[in-house]
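K.L.:
Starting off with a structure, shown below.
The numbers here are math on the coordinates, done by the rules we state, and not lab data. Everything numeric in this text was worked out from a predicted model, so none of it was measured. Neighbour counts are summed over all protein chains in view; Cβ atoms, including those assigned to glycine, are modelled from backbone coordinates with ideal geometry.
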Amino acid sequence: MFRLANPEYLYALLVIPALIAFFWYARMKRRKALALFGQREILSVLMPNVSGTRPILKFIVLLVAITSIIIGIARPQFGSKLRNEKRKGIELMIALDVSNSMMSEDIQPNRLERAKRAIAQLVDKLSNDKIGLIVFAGDAYTQLPITADYVSAKLFLNSISTQIVPTQGTAIGAAIELGVKSFSPTFAGSKAIIIITDGENHEDDAAEAAAEAAKQGIVVYTIGMGSPEGGPIPVFENGQKSYRKDKQGNTIVTKLDEQMLQKIAEAGKGAYVRANNAQVGLTNLLSEIDKMEKTELESQVYADYDDKFQYFIALGLCLILLDFMILERKNKYLKNFKLFGERK
């Protein structure tokens, strides 16, 4: 298992494109300056030892050296052992609506992006629980199976968009049914499903699915994304922003269906929270979830991480030494070998 102990130092890699731009600019200025002295063919005779490729080679070596040292400073590590770890917690499935209506901007920057940020913040607060991700629109799909790997949860979360599900619609019932099937078969502890949606259910009987989940001891919570007044659904074509329209040419306004979500939460013996621009409500639900009975969970995690930064630092220093050894001018003894494919 690979990780970086100090990933924030990777921001230093932003210096690489800046150095490339500066080097290109300096080369252009040099060419223009040499052009003022005469034609290139004449200058090559007057300056036979000047190399056109060696400075480029030296610069590439220096860039690789800098990159290697920055990666080394970020401290790459590899997990050398798997360890069984026991902890007390619950299993939590989050079902996120990715239908087109979730792109409405009545919650900033839009419903879907705001929900993703809130889920990421929730994952940061988890410590002993297992989590899974489901995405749904016209149908439901498992994005991340139930796991204690919070890093993977945030990684998969970042890839979620409205294009991830091929069929549009809002099948909340299908998401609940998939969530019920996604818990660990051998886990007998507390289980919960959080549905994050605008509630415009057009596909199935979600309340009935929530009631069936409750019969199996699974609590169903709902979070309403959007406002009762609603908002249009933006569409971007060729860099231009417009809004989705119906067959009659009228702008479609998507509204939060609170009544539906309250009904689902009631049937699932959970609670309903409406999101707004200040907060989504996951923190409030987490307080409710923390009250659920915790059960001992066992999971495998990587331990005993070994630092490998020294290899990257050593490579960087060797390349810097090589950069000093490569002369910008041609070697008078080796120039006839055309080691770098230069023209005479």
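K.L.:
Got a sec to turn the phi values of the stretch 252-258 into Karplus ³J(HN,Hα) couplings, 6.51 cos²θ - 1.76 cosθ + 1.60 with θ = phi - 60°, whole Hz, x for Gly and Pro?
P.N.:
Each residue's phi maps through the Karplus curve to give 7, 10, 9, 10, 5, 9, 5 Hz.
K.L.:
Show me 21-30, 180-189, 311-320, 241-250 ranked by packing, highest mean number of other Cβ atoms within 10 Å first.
P.N.:
Top to bottom by mean Cβ count within 10 Å: 311-320, 180-189, 21-30, 241-250.
K.L.:
Quick one: which residues, 5+ away or cross-chain, put their amide H under 5 Å from the amide H of Tyr243? H built at 1.01 Å from N.
P.N.:
Sorted by chain and number, the residues that satisfy this are Val235.
K.L.:
Normalising by the residue count of the stretch 123-162, find the relative contact order in percent from Cα pairs under 8 Å and 6+ residues apart.
P.N.:
38
K.L.:
Cβ neighbours within 10 Å, averaged per peptide: list 261-267, 94-100 in order, most packed at the top.
P.N.:
94-100, 261-267
K.L.:
Given contacts defined as C-alpha pairs under 8 Å and at least six residues apart, what's the relative contact order of the stretch 128-261, whole-number percent?
P.N.:
It comes to 20 percent, rounded to a whole number.
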